[in-house]
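A short write-up of the structure that comes next.
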Amino acid sequence: MSETPLKQAEKIKPGRKMLRKLNLPESDITAIFGEQDKHIRLITTGLSTQASYVGGELTLSGDEKDIFDTIEILRYLLELSHERPISADDVQTALRMAQSGEASSIKEMSKERIKVAGGIKYVSPKSRTQKSYLNAIKDSDMVFAFGPAGTGKTFLAVAMAVHYYLEKKIHRIILTRPAVEAGEKLGFLPGDLADKINPYLRPLHDALHAMLDSELIVKLMERGIIEVAPLAFMRGRTLSGAFIILDEAQNTTIAQMKMFLTRLGFGSKVVVTGDVTQMDLPREQESGLINAIHVLRDVNEIAFVELSEKDVVRHPLVTKIVGAYENYGNKKTALQSGIYR
């Protein structure tokens, strides 16, 4: 892309209109515009810019900041296209970062790669908070990550677990979550105990299968290197040299959380993930996750990472749904306290 960089972000004045021309060969345009121009339409719609391509020249027009963000996205996609085909998810991720004011970090995020062994080969953070989350896991033996659905809490934790195993930094991966009922009774589900518990552990299996080949997962589970089990199975154990993930931790009781955290052995890492807005515990029972966040906040060796709707990496509609529920909750709380009118 033969174009000198635009002014630094801090010098850009939102609202000032501009037109920018970039020289690009048709082969690059085909790669980054996508089939039937779906990628560039997504970008220009999301950033309220206009784009046209004639005779090797790409013309962008619109608000100066939006032009800056559009060029940052195009630079990232162009570089990515030299490695592999661009997906709609790649475009959505870059667009979401630009809309969150993180356009200048798009390339930086893409260079932060976690090696895994499955079809995706590498996993990268999709936001600054996700990058902070990964750094926290590297720097601390115990990390609490909490935030709404779709923010990559479990996915990134499993990616780091697989990465640490491949790098021979740990010799076991243990994935666990409480088997708390959400509207259905365990007794009503078909099969034996293992069959009844398996649906609760399915999300952990799904994350694993994104990181490792299915045959390898089976072999590692048979050898006890990977273990996916309900939280109750953790009692009485001391886990050394392991990467341990407690998922859906908002559904633990205080006693269960204390029991789990004290399983930590030498050479191990513990990552606790949860969403305090989606608790399935009885109303009168305090969440072990919320309690632990308050109790352990001053323990310097423990890292806490809070993700938000800005970090959601699922379908863009999920971000809007999370935001809508959060806004409704804020209004309801204010109404109940007599503040909201």
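The values are calculated or read from the model by the stated rules, or taken from the named source; none is laboratory data. These numbers come from a predicted model, not from an experiment. Cβ sites come from the backbone with ideal geometry, for glycine too, and all protein chains shown count toward neighbours. Keep in mind that these areas ignore ligands, DNA and RNA; they rest on the heavy atoms of the full protein, side chains included. Shrake-Rupley method; radii C 1.70, N 1.55, O 1.52, S 1.80 Å.
Go through (1) part of a helix (DSSP H, G or I); (2) within 14 Å of residue 176 (Cα to Cα) one by one and return the number of the condition residue 219 breaks.
Here residue 219 clears every test but (2).
So which pairs qualify, if the first residue must be in segment 254-276 and farther than 15 Å from residue 291 by Cα and open to solvent by 10 Å² or more (accessible area, probe 1.4 Å), the second must be of a type outside the set (Phe, Trp, Tyr) and in a helix (DSSP H, G or I), the Cβ gap must be under 6 Å, and the two must be at least 6 apart or on different chains?
From residues that are farther than 15 Å from residue 291 by Cα and open to solvent by 10 Å² or more (accessible area, probe 1.4 Å), the pairs are 263/234.
Checking residue 5 against (1) within 22 Å of residue 93 (Cα to Cα); (2) modelled with pLDDT under 60; (3) surrounded by 12 or more Cβ atoms within 10 Å (Cβ to Cβ), which test does it fail?
(3)
Name the residue, out of 285, 256, that is outside any loop (DSSP other than H, G, I, E, B), of a type in the set (S, T, N, Q) and on the phi < 0 side of the Ramachandran plot.
Selected residue: 256, the only one of 285, 256 that is outside any loop (DSSP other than H, G, I, E, B), of a type in the set (S, T, N, Q) and on the phi < 0 side of the Ramachandran plot.
Quick test of your reading of the structure: residue 99 fulfils all but one of (1) farther than 17 Å from residue 45 by Cβ; (2) surrounded by fewer than 20 Cβ atoms within 10 Å (Cβ to Cβ). Name the failing condition by number.
Against the list (1) farther than 17 Å from residue 45 by Cβ; (2) surrounded by fewer than 20 Cβ atoms within 10 Å (Cβ to Cβ), residue 99 comes up short only on (1).
Scan segment 128-166 for residues that are more than 20 Å from residue 210 (Cα to Cα) and in a loop (DSSP other than H, G, I, E, B) and jot them down.
140, 141, 147, 148
Out of all the residues in segment 112-121, is one or more open to solvent by 30 Å² or more (accessible area, probe 1.4 Å), closer than 24 Å to residue 66 by Cβ and in a loop (DSSP other than H, G, I, E, B)?
No, that holds for no residue.
Can you tell me which of 289, 281 is open to solvent by less than 20 Å² (accessible area, probe 1.4 Å), in contact with a helix residue (DSSP H, G or I) (Cβ under 7 Å, 6 or more places away or on another chain) and either among the small types (Gly, Ala, Ser) or over 30 Å from residue 95 (Cβ atoms) (or both)?
Going through 289, 281 in turn, just one is open to solvent by less than 20 Å² (accessible area, probe 1.4 Å), in contact with a helix residue (DSSP H, G or I) (Cβ under 7 Å, 6 or more places away or on another chain) and either among the small types (Gly, Ala, Ser) or over 30 Å from residue 95 (Cβ atoms) (or both): 289.
With respect to residue 86, is the statement that it is part of a loop (DSSP other than H, G, I, E, B) and either open to solvent by less than 40 Å² (accessible area, probe 1.4 Å) or closer than 22 Å to residue 151 by Cα (or both) true?
Spelling it out, residue 86 is indeed part of a loop (DSSP other than H, G, I, E, B) and either open to solvent by less than 40 Å² (accessible area, probe 1.4 Å) or closer than 22 Å to residue 151 by Cα (or both).
For every residue, the table says whether it meets (1) out of contact with any strand residue (DSSP E or B) (no Cβ under 7 Å at 6 or more places or on another chain); (2) modelled with pLDDT of 85 or more; (3) of a type in the set (Ser, Thr, Tyr).
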{"residue": "188", "(1), (2), (3)": "yes, no, no"}
{"residue": "191", "(1), (2), (3)": "yes, no, no"}
{"residue": "197", "(1), (2), (3)": "no, no, no"}
{"residue": "218", "(1), (2), (3)": "yes, yes, no"}
{"residue": "228", "(1), (2), (3)": "no, yes, no"}
{"residue": "260", "(1), (2), (3)": "no, yes, no"}
{"residue": "277", "(1), (2), (3)": "yes, yes, yes"}
{"residue": "289", "(1), (2), (3)": "no, yes, no"}
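Residue under question is residue 177, and the condition is that it be closer than 23 Å to residue 268 by Cβ, of a type in the set (Lys, Arg), modelled with pLDDT of 95 or more and touching a helix residue (DSSP H, G or I) at 6+ places or on another chain (Cβ under 9 Å); does it hold? It would help to see each step written out before you state the result.
Working: closer than 23 Å to residue 268 by Cβ: yes; of a type in the set (Lys, Arg): yes; modelled with pLDDT of 95 or more: no; touching a helix residue (DSSP H, G or I) at 6+ places or on another chain (Cβ under 9 Å): yes.
Answer is no for this residue.
At pLDDT 90 or above, surrounded by 15 or more Cβ atoms within 10 Å (Cβ to Cβ), of a type in the set (Val, Ile, Thr) and closer than 21 Å to residue 133 by Cα: is that true of residue 170 in this structure?
Yes; evaluated as a whole, the condition is true for this residue.
Sort through 157, 161, 207 and tell me the only one that's at pLDDT below 90 and either within 22 Å of residue 146 (Cα to Cα) or of a type outside the set (Phe, Trp, Tyr) (or both).
207
For segment 39-55, indicate whether the set of residues that are without any contact (Cβ under 8 Å) to a residue 24 or more places away in the chain, within 30 Å of residue 156 (Cα to Cα), surrounded by 20 or more Cβ atoms within 10 Å (Cβ to Cβ) and out of contact with any Lys or Arg (no Cβ under 8 Å at 6 or more places or on another chain) is non-empty.
Looking through segment 39-55, at least one residue is without any contact (Cβ under 8 Å) to a residue 24 or more places away in the chain, within 30 Å of residue 156 (Cα to Cα), surrounded by 20 or more Cβ atoms within 10 Å (Cβ to Cβ) and out of contact with any Lys or Arg (no Cβ under 8 Å at 6 or more places or on another chain).
Tell me, yes or no, whether segment 145-166 has at least one residue that is over 29 Å from residue 299 (Cβ atoms) and either surrounded by fewer than 22 Cβ atoms within 10 Å (Cβ to Cβ) or out of contact with any strand residue (DSSP E or B) (no Cβ under 8 Å at 6 or more places or on another chain) (or both). Show your work before the answer.
First, pick out the residues of segment 145-166 that are over 29 Å from residue 299 (Cβ atoms): 166.
So of that shortlist, the ones also either surrounded by fewer than 22 Cβ atoms within 10 Å (Cβ to Cβ) or out of contact with any strand residue (DSSP E or B) (no Cβ under 8 Å at 6 or more places or on another chain) (or both) come out as 166.
The answer is yes, given that some residue of segment 145-166 is over 29 Å from residue 299 (Cβ atoms) and either surrounded by fewer than 22 Cβ atoms within 10 Å (Cβ to Cβ) or out of contact with any strand residue (DSSP E or B) (no Cβ under 8 Å at 6 or more places or on another chain) (or both).
Kindly evaluate residue 304 against the criterion of being at pLDDT 95 or above, surrounded by fewer than 22 Cβ atoms within 10 Å (Cβ to Cβ), of a type in the set (Phe, Trp, Tyr) and not in a helix (DSSP H, G or I).
Spelling it out, residue 304 is indeed at pLDDT 95 or above, surrounded by fewer than 22 Cβ atoms within 10 Å (Cβ to Cβ), of a type in the set (Phe, Trp, Tyr) and not in a helix (DSSP H, G or I).
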